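Undergrad: Take this structure, written in structure tokens, and hold onto it; I'll ask about it next.
The values are calculated or read from the model by the stated rules, or taken from the named source; none is laboratory data. All of these numbers come straight from a predicted model, not from anything done at the bench. For neighbour counting, all protein chains shown are included, and Cβ atoms are generated from backbone atoms with ideal geometry for every residue, glycine included.
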Amino acid sequence: MNELQYRFHQLQETDVDLLNLLLETASEIHGRKVDSIEWLKWKYFGSPFGNAISIIALTSDNKIAGEVTFGCYEFILNLKIIPCIISYQTMVHPNHQKKGLFLQLTDKVLAIAKTKQIDLVFNFPNQASFKPFVKMNFTPINHIKNWVNFSNFLNIILNIKSLKSPFFADSINKVSDVQLKIFEELKDSITPLKLNDILVPNRTYSFIKWRYFTYPLYNYQILKNNMGWAIIRTGKRGKLIEVQVMEIFPHNDNQSKLFIKLLKKSIKTVYNPNIILLNLSENHPSTVFIKNNFFFSLPHSINFFAKSLNPNYNHLINKDSWIITPTEFHRY
């Protein structure tokens, strides 16, 4: 089946029937429950950085054969905002795979991105989309480290098989008023990293509030100490309790060892987990202090790819140029 046999459509917030059809199709393909349309609108059309670019392919009987959606994002390079897009969802129905549809959809998204003066594209492909993105000249950078701290070793030994189990985060229906109050008290301390010649994610009050405290799927919590604060989420890996650190905001730009030490202590006191997980790119300035606080780097399956749409930024497609945290790659 070639391109002429599909009808391509760029999704808008007003496409209620198509959005509901997309949710049903995604549930079927990804094997998960159907997300709510309110959540989808929040994710695709609610970001303070702009609406997502979402292209679907429809069959002659108006079924969704595939979708590629990238959300608008911002990085900062030497105090200059660099417009980017980040992969939200890519899928092709099994009945339409191996026919080039994925590449067609992605080409259309990138073409629209260029008209919007988007400079860089990045994503976190799974094994199914790894080769197609390489074919489209996305560069595997793959510099994310899986930093893990273990506690209660007896429980870990008794449940050793759980270490190979998938992680399931605790879900939530509404952010508590207590968490919102704490977040509002900390809003003036939300700033991006200040690093020369390195792309750092643009962390703003409006983005963090939208991302974590407006319509979350998971139970995000704030932990603070006199050195800074962090956003974490809790869950289970098999029979083991796990806390994942999503974002850190030390008051000191040097990412002090003491902040990480106090954060680890708070997590253990409040949640008593078996595992504390902190994923960061290896060039993140906190790396040295994480190592010093008995976190160990373990293998993982997170891929990070990037592509330049602006020739002036081709030199940035390498592992030294991107700071990445879980905010970028965990599911919204």
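Undergrad: Quick check on the stretch 160-182: of everything there that is touching a strand residue (DSSP E or B) at 6+ places or on another chain (Cβ under 8 Å) and exposed (fewer than 12 other Cβ atoms within 10 Å of the Cβ), which residue is nearest to Thr287 (Cα to Cα)?
TA: Quick first cut of the stretch 160-182, residues touching a strand residue (DSSP E or B) at 6+ places or on another chain (Cβ under 8 Å) only: 162-163, 165-172, 175, 179, 182.
If we keep only those that are exposed (fewer than 12 other Cβ atoms within 10 Å of the Cβ) too, we end up with 166, 171.
Numbers: Pro166: 25, Ser171: 29 Å.
Residue satisfying both the conditions and the ranking: Pro166.
Undergrad: For the structure I just gave you, tell me whether Lys187 is within 26 Å of Phe289 (Cα to Cα), within 23 Å of the chain's Cα centre (by Cα), part of a helix (DSSP H, G or I) and of a type outside the set (Ser, Thr, Tyr).
TA: Numbers: within 26 Å of Phe289 (Cα to Cα): yes; within 23 Å of the chain's Cα centre (by Cα): yes; part of a helix (DSSP H, G or I): yes; of a type outside the set (Ser, Thr, Tyr): yes.
Taking the combined requirement at face value, the residue satisfies it.
Undergrad: Follow-up question, since we're still on this one. Does the stretch 183-205 contain at least one residue that is free of Cβ contacts under 8 Å to residues at least 24 places away in the same chain, surrounded by 15 or more Cβ atoms within 10 Å (Cβ to Cβ) and not polar (S, T, N, Q)?
TA: Looking through the stretch 183-205, at least one residue is free of Cβ contacts under 8 Å to residues at least 24 places away in the same chain, surrounded by 15 or more Cβ atoms within 10 Å (Cβ to Cβ) and not polar (S, T, N, Q).
Undergrad: Please go through the stretch 135-146 and give me each residue that is touching a residue at least 40 places away in the same chain (Cβ under 8 Å) and surrounded by fewer than 20 Cβ atoms within 10 Å (Cβ to Cβ), ordered by number. Write out each step before concluding.
TA: Filtering the stretch 135-146 for residues touching a residue at least 40 places away in the same chain (Cβ under 8 Å) gives 136-146.
Those that are touching a residue at least 40 places away in the same chain (Cβ under 8 Å) and surrounded by fewer than 20 Cβ atoms within 10 Å (Cβ to Cβ): Met136, Asn137, Thr139, Pro140, Ile141, Asn142, His143, Asn146.
Undergrad: OK, next. Taking the stated definitions as given, is Thr327 of a type in the set (Ser, Thr, Tyr), over 26 Å from Asp197 (Cα atoms), touching a residue at least 60 places away in the same chain (Cβ under 8 Å) and in contact with an Asp or Glu (Cβ under 6 Å, 6 or more places away or on another chain)?
TA: Numbers: of a type in the set (Ser, Thr, Tyr): yes; over 26 Å from Asp197 (Cα atoms): no; touching a residue at least 60 places away in the same chain (Cβ under 8 Å): yes; in contact with an Asp or Glu (Cβ under 6 Å, 6 or more places away or on another chain): yes.
No, not satisfied.
Undergrad: If we scan the stretch 152-159, do we find a residue that is within 21 Å of His330 (Cα to Cα), surrounded by 16 or more Cβ atoms within 10 Å (Cβ to Cβ) and in the same structural domain as Leu278 (by TED's automatic domain parsing)?
TA: Quick first cut of the stretch 152-159, residues within 21 Å of His330 (Cα to Cα) only: none.
Looking for residues that are within 21 Å of His330 (Cα to Cα), surrounded by 16 or more Cβ atoms within 10 Å (Cβ to Cβ) and in the same structural domain as Leu278 (by TED's automatic domain parsing), one finds none in the stretch 152-159, hence no.
Undergrad: Let me ask another. Every residue in the stretch 281-319 that is more than 15 Å from the chain's Cα centre (by Cα), within 27 Å of Val109 (Cα to Cα) and not in a helix (DSSP H, G or I), please.
TA: Taking the stretch 281-319 first, the residues more than 15 Å from the chain's Cα centre (by Cα) are 282-300, 307-319.
With within 27 Å of Val109 (Cα to Cα) added as a condition, the list becomes 307-319.
Those that are more than 15 Å from the chain's Cα centre (by Cα), within 27 Å of Val109 (Cα to Cα) and not in a helix (DSSP H, G or I): Lys307, Ser308, Leu309, Asn310, Ile317, Asn318, Lys319.
Undergrad: Return a yes/no flag: does the stretch 290-308 have any residue that is crowded, with 20+ Cβ neighbours inside 10 Å, at pLDDT 95 or above and either of a type in the set (Lys, Arg) or in contact with a Lys or Arg (Cβ under 7 Å, 6 or more places away or on another chain) (or both).
TA: No, the stretch 290-308 contains no residue that is crowded, with 20+ Cβ neighbours inside 10 Å, at pLDDT 95 or above and either of a type in the set (Lys, Arg) or in contact with a Lys or Arg (Cβ under 7 Å, 6 or more places away or on another chain) (or both).
Undergrad: Restricting to strands (runs of 3 or more DSSP E) lying wholly in the stretch 1-96: which have 1 or more residues that are among the basic types (Lys, Arg), out of contact with any helix residue (DSSP H, G or I) (no Cβ under 8 Å at 6 or more places or on another chain) and in contact (Cβ under 8 Å) with a residue 40 or more places away in the chain? Walk me through it before giving the result.
TA: Details: elements: 7-10, 53-58, 64-77, 80-92.
In the stretch 1-96, 7-10 are the strands (runs of 3 or more DSSP E) which contain 1 or more residues that are among the basic types (Lys, Arg), out of contact with any helix residue (DSSP H, G or I) (no Cβ under 8 Å at 6 or more places or on another chain) and in contact (Cβ under 8 Å) with a residue 40 or more places away in the chain.
Undergrad: Something else: If I filter the stretch 81-97 down to residues being under 19 Å from the mean Cα position of the chain (by Cα) and over 16 Å from Ser308 (Cα atoms), which single residue comes out as surrounded by the most Cβ atoms within 10 Å (Cβ to Cβ)?
TA: Met91
Undergrad: Further question: If you scan the stretch 23-38, which residues turn out to be among the β-branched types (Val, Ile, Thr) and surrounded by 14 or more Cβ atoms within 10 Å (Cβ to Cβ)? Please lay out each step first, then the result.
TA: First pass over the stretch 23-38, keeping only residues among the β-branched types (Val, Ile, Thr): 25, 29, 34, 37.
Correct list: Thr25, Ile29.
Undergrad: Hey, any hits in the stretch 267-275 for a residue that's part of a helix (DSSP H, G or I) and among the hydrophobic types (A, V, I, L, M, F, W, C)? Give the derivation first.
TA: Here is the first cut: in the stretch 267-275, the ones part of a helix (DSSP H, G or I) are 267-271.
Now restrict to residues that are among the hydrophobic types (A, V, I, L, M, F, W, C): 267, 270.
Yes: the stretch 267-275 contains one or more residues that are part of a helix (DSSP H, G or I) and among the hydrophobic types (A, V, I, L, M, F, W, C).
Undergrad: Scan the stretch 303-332 for residues that are in contact with a Ser or Thr (Cβ under 7 Å, 6 or more places away or on another chain), under 18 Å from Asn202 (Cβ atoms) and among the aromatic types (Phe, Trp, Tyr) and report the count. Talk me through it step by step, then tell me what you get.
TA: Filtering the stretch 303-332 down to residues in contact with a Ser or Thr (Cβ under 7 Å, 6 or more places away or on another chain) leaves 305-307, 314, 316-317, 322-324.
If we keep only those that are under 18 Å from Asn202 (Cβ atoms) too, we end up with 306, 316, 322-324.
Going one step further and asking which of them are among the aromatic types (Phe, Trp, Tyr), we end up with 322.
Final tally of qualifying residues: 1.
Undergrad: Any residue at all in the stretch 58-80 that's closer than 20 Å to Tyr332 by Cα, modelled with pLDDT of 95 or more, among the hydroxyl-bearing types (Ser, Thr, Tyr) and surrounded by 13 or more Cβ atoms within 10 Å (Cβ to Cβ)?
TA: Within the stretch 58-80, one or more residues are closer than 20 Å to Tyr332 by Cα, modelled with pLDDT of 95 or more, among the hydroxyl-bearing types (Ser, Thr, Tyr) and surrounded by 13 or more Cβ atoms within 10 Å (Cβ to Cβ).
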